[in-house]
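Worksheet: the structure to be examined is printed underneath.
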Amino acid sequence: MLYTWAVMSIRRFISVLVKEYRHILREPRTLWMVFLSPALVLVALSTIFASGGGRLNLALWDGDRTPLSRQFAATLSGDDDFSVGYVSDYDEIETLLVAQGVDAALIIPPGFAETVGAGGAAPVQVVLDGVDTLVAGQATGSLLGHAADFGLALNRQFSLPPLPIKIRSQSAYLPGDAERESMIPGLIPVVFSLPVMAAALALARERESGSLESLIATPVRGLEYIGGKLVAYVSAALVGLLPVWLVATLLFHVPFRGNPLLLLLLTADFLLASVGMALFIGNMVRSQQTATIAALFIFFVPGFFLTGMMDPIDTTDLLGSAISYILPATHFVTICRAIFLKGATLAEMCRPAVALLILSAVWVGLGAITFKKRVR
Amino acid sequence: MQETLNRIRGLAIKELLQLSRDKLLLLFVLLAPLLELLLMGNLSGGGVRNLPLAVVDLDHSRASRELITRLGQTDELLVGMYSDNVSQAREQMQSGAISAIVVVPPGYEEALTAPQQSAEVQVIADGSNHLVSTAAIGTVENVAAEIAQEIAPGAGPVDMRFTARFNATLAGQPGAITMMLGLIVYQVTLVIASQSFTREREMGTLEQLRVTPLGRLELMAGKAIPTLLVGMVDCLLMTGVAVAWFHIPVRGSLPLLMLFTIPFVLTQVGWGTLISLISRTQQQAMLFVFALAMLEVACSGFLVPASSLPEVMRWLSYISSVKHYMVILRGVLLRGAGLGVLWRPGLSLGGIALGVAALAWLRLWLGLDPDSLKQRLRAWRQTSRRERSRRPVVRRQKRRLVAEPVYVDVRTEE
């Protein structure tokens with residue numbers, strides 16, 4: 001009795017699966033987008049992380065006009081950190097800052113050379129554009145470095161004592177300037193949200209186009225239906241892992257130190273959780289338009305800013321980290337970085353892997369429970 | 001003219017009705033932006049904070065404890081582990097529990113206080129996230145510089161004094177919130193616009209739309225109005241939340257911001273119309289939207305400052321509406337910029353909107369089918385081939401078709 005029930009159930013599950021495959025395969029555009037879009041988007045996103053920052057725009061007002069102040073100004077414009085534009089009064093600086101024409105302004109007050117000549121520390125004012133804190137931080141660090149270099153270059157008469165503390169820094173796994181190589185594994189979860197969102201729409205479409213009504217007449221059950229869609233989209237998206245992996249390792253030369261099979265396994269784990277979440281969304285909404293907006297709200301902006309892809313998750317902020325850990329992509333960011341760059345093993349990755357399993361069980365379960373064979 | 005307006009109004013009313021019928025959609029269009037802004041405003045924009053740090057103190061002296069306490073007091077670092085050997089800490093780094101390791105070697109205090117010696121401190125940072133390693137190393141260097149300054153006070157010749165305009169405390173929130181505001185308006189309007197024709201096609205109502213007397217421009221205008229409304233309302237509502245909840249100042253004029261929101265939203269309408277015309281199902285449209293959105297975000301300077309983008313991306317960023325809108329948004333809200341400085345991004349936005357609208361109009365001119373470009377090309381190729389092979393026949397037929405009308409001289413019958 002139980003045996004025949006199980007056989008029938010699996011048969012129904014397989015027929016849903018076959019139907020979904022047909023949906024993906026019959027439309028060449030959908031096929032390309034599900035298989036290849038992650039790799040294409042990864043190429044586009046990865047090119048922006050070119051190592052080595054660009055030039056910051058600096059406005060310079062030299063109120064001193066002495067050879068020494070010019071020498072100081074020349075050290076700033078001499079290298080690739082800044083492109084310096086000279087201004088002649090304070091109002092001009094204000095206008096430039098408001099128009100976002102410069103990232104920072106440097107004011108050398110009159111008496112600069114006199115103070116330095118007397119052996120003192122001459123005050124120099126820096127006005128930062130505080131809106132983009134990333135740029136402001138970059139400008140601060142760079143300017144302080146230049147000031148220190150200028151001090152050394154002045155070759156003062158007295159000999160400098162050695163610095164009391166020296167920091168020997170070492171960046172593990174990757175050299176410190178390998179910005180692109182460290183970002184690409186973190187981007188993989190974001191690019192996989194494309195096929196994941198396609199699954200949300202696949203479910204919403206059934207309801208919108210009315211084919212759900214014919215499905216109601218069939219003996220298929222909630223879990224079989226959700227499961228069929230889940231497996232179809234997870235396996236379709238998994239095929240897309242190969243081009244993504246090729247783009248990362250061959251095109252952008254990201255080192256791959258882990259086990260490819262482990263990556264495949266954990267990607268499947270991640271896709272189960274996030275497709276499950278997408279199916280739940282698709283199940284709750286009534287139209288594909290709503291499904292798209294919901295999916296964008298959940299996968300797009302948080303995918304970039306809450307998953308630890310850029311800024312790491314602040315574990316002391318309970319609410320924030322709780323929301324981050326509900327998103328499957330957060331765990332997958334950890335996994336991708338660890339497998340690609342650290343060569344992590346399954347034992348080391350067991351915490352995020354188990355978290356993803358729990359998440360997928362929760363979302364698929366919720367999807368199966370809420371799936372009602374009723375015309376709303 | 002009056003009839004045109006009537007037709008546009010009819011279509012716009014129909015679109016608005018459709019929008020308001022789906023209560024859940026309305027919720028997502030009007031309420032979700034506010035919720036997401038609240039969430040993201042509270043959570044992001046803090047930069048790197050509280051990185052778990054492992055300390056390997058081999059000196060066990062007062063000075064080393066002082067160093068460790070100071071490291072823990074910074075915003076960026078949080079001492080999460082004390083250990084006696086480095087390999088144990090490295091294991092924790094491998095699993096991701098620890099982001100940086102600071103090793104204080106034996107004899108640190110001695111070397112620190114001796115005038116002609118320098119103490120060495122080793123930092124190992126997790127380089128698998130570039131931001132983490134740079135922040136960790138930078139923070140330790142800053143703390144070391146502070147301690148050095150206290151032990152041997154000596155200033156360089158230049159004393160830099162920093163002030164930050166528009167955001168004196170250099171808090172991350174104003175920048176993050178204006179960014180989110182722009183992004184959310186962007187995504188909502190793009191999604192609504194991108195489903196317009198695809199939805200009609202899937203529901204089968206495109207056929208009805210085809211037989212209405214609506215012209216191409218009327219069709220575009222009628223579809224654009226509801227999206228424009230949604231975009232403006234969302235922008236206003238979110239600005240309200242940003243001001244009331246996050247205390248973001250409005251230093252410029254709000255009507256100016258609203259004025260520039262129009263071309264920004266119209267650009268998204270143009271892209272959306274294009275996408276909805278070239279995709280057969282809404283699923284495809286959504287994939288196109290997501291791909292386009294990621295590209296725009298990539299070159300608009302969110303993830304990487306615009307100045308450090310590679311050459312190709314920097315050129316692309318000039319046609320990214322998000323980038324120009326961000327300048328306007330931050331200009332009006334945070335910098336107090338007026339029309340005098342904002343005309344340039346405003347004009348760029350207008351140009352982009354016109355360009356994209358022209359593209360959409362061209363695509364609409366080709367036909368409403370996703371394959372109409374291909375069909376037209378095929379038809380053109382076939383006719384030209386036929387003409388090439390059987391030129392005389394066609395000519396003769398044509399001549400017969402355009403043959404002179406047979407005049408019957410009526411007078412002769414008289």
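Just so it is clear, none of the values below were taken in a lab; they were calculated from the coordinates. Predicted model, so just to flag it, every value in this text is computed and none were measured. Here Cβ is always computed from backbone atoms with ideal geometry, including for glycine, and neighbour counts include all displayed protein chains.
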What is the Cα centroid distance between the range A:1-68 and the range A:116-138, reported in whole angstrom? 41
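If r is the Cβ-Cβ distance from A:E213 to B:M1 and R0 is 51 Å, what FRET efficiency results, to the nearest 0.05? All intermediate terms of the calculation are to be shown ahead of the outcome.
On the way: r = 45 Å, r/R0 = 0.89.
Efficiency, from the Cβ-Cβ distance: 0.65.
Within a 10 angstrom radius of the beta carbon, how do A:E181, B:E15 rank from fewest other beta carbons to most? All intermediate terms of the calculation are to be shown ahead of the outcome.
Values: A:E181 24, B:E15 19.
In increasing order of surrounding Cβ atoms, one gets B:E15, A:E181.
On full extension of the chain, what length is gained from B:T163 through B:R314, given 0.36 nm per residue of separation minus the C-alpha to C-alpha distance?
Numbers: separation 151, 0.36 × 151 = 54.36 nm, distance 2.90 nm.
The span from B:T163 to B:R314 would gain 51.5 nm if fully extended.
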Tilt, helix A:193-209 to longest principal axis of chain A (alpha-carbon atoms), in degrees rounded to tens, equals 40
If you place +1 on the Cβ of every Lys and Arg, -1 on the Cβ of every Asp and Glu, and leave all else neutral, what size is the dipole of chain A about its Cα centre, to the nearest 20 Debye? 2640
So, with +1 on the Cβ of K and R and -1 on the Cβ of D and E, and no other charges, what is the size of the charge dipole of the range B:51-149 about its Cα centre, to the nearest 20 debye? 100
From the Cα gyration tensor of chain A, with a ≥ b ≥ c the square roots of its eigenvalues, which class applies: rounded if a/c is under 1.5, or else prolate if a/b is larger than b/c, or else oblate? prolate
May I ask for the angle, rounded to the nearest 10°, between helix A:350-370 and the longest principal axis of chain A, with both axes built from Cα atoms and the value confined to 0 to 90°? 50
Ellipticity estimate at 222 nm from DSSP helix runs (n ≥ 4, -39,500 (n - 2.57)) divided over the protein assembly as shown, nearest 500: -20500 deg cm²/dmol
With the crude spin-label approximation of a point 7 Å out along Cα→Cβ, what separation in nm comes out for A:L346 versus A:L31? 3.4
Each label sits 7 Å from Cα toward the beta-carbon; between B:M258 and B:E146 the label points are separated, in nm, by 4.7
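Cut-off is 10 Å between beta-carbons; in what order do B:H130, B:H247, A:H23 appear when sorted fewest neighbours first?
B:H247, A:H23, B:H130
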Extreme residue, positive dipole direction of chain B, given options B:V250, B:V79, B:I275 (C-beta unit charges): B:I275
When chain A is treated as a GNM, springs tying every alpha-carbon pair under 10 Å, which of A:Y325, A:Y173, A:Y90 comes out with the largest mean-square fluctuation? A:Y90
Beta bridges per DSSP with both ends in chain A, % antiparallel, nearest 5: 30
Could you calculate the contour length gain from B:Y82 to B:L359, that is, 0.36 nm times the residue separation minus the distance between their Cα atoms, to one decimal place in nm? 93.5 nm
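Given axes a ≥ b ≥ c from the Cα gyration tensor, I'd like to know whether the range B:249-378 is rounded (a/c under 1.5), prolate (a/b larger than b/c) or oblate. Working shown, then result.
Details: a/c = 2.47, a/b = 1.82, b/c = 1.35.
Verdict is prolate for the range B:249-378.
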Taking every DSSP beta bridge that has both residues in the protein assembly as shown, what percent is antiparallel when rounded to the nearest 5? 20
Springs between alpha-carbon pairs under 10 angstrom, Gaussian network model over chain A: which of A:L366, A:L97, A:L356 fluctuates most? A:L97
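Counting other Cβ atoms within 10 Å of each Cβ, which trypsin sites (Lys or Arg not before Pro) in the range A:170-270 have at most 10 and sit in a DSSP loop?
On the way: sites: A:R180, A:R205, A:R207, A:R221, A:K229, A:R257; in loops: A:R221, A:R257.
Answer by residue number: there is no such site.
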Please check: in the Gaussian network model of chain B (C-alpha springs, under 10 Å), which one of B:E218, B:E311, B:E150 has the largest mean-square fluctuation. B:E150
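Give the order of A:K372, B:K14, A:K342 when sorted by the count of other beta carbons within 10 angstrom, beginning with the fewest.
Details: A:K372 10, B:K14 15, A:K342 24.
Fewest to most other Cβ atoms nearby, the residues stand as A:K372, B:K14, A:K342.
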Just tell me, in residue order, which DSSP H segments of chain B are both 27 angstrom or longer along the helix axis (alpha-carbon based) and at least 1.0 in mean Kyte-Doolittle hydropathy. B:173-194, B:216-244, B:254-278, B:339-366
What lysines could a cross-link reach from A:K372, if we take a straight Cα to Cα line under 16 Å and drop same-chain neighbours fewer than 8 places away? A:K229
Antiparallel bridges, percent of DSSP beta bridges restricted to chain B (to nearest 5): 25
Name the lysines eligible as straight-distance cross-link partners of B:K223: C-alpha to C-alpha under 26 Å, and not fewer than 8 places from it in the same chain. B:K14, B:K23, B:K323, B:K374
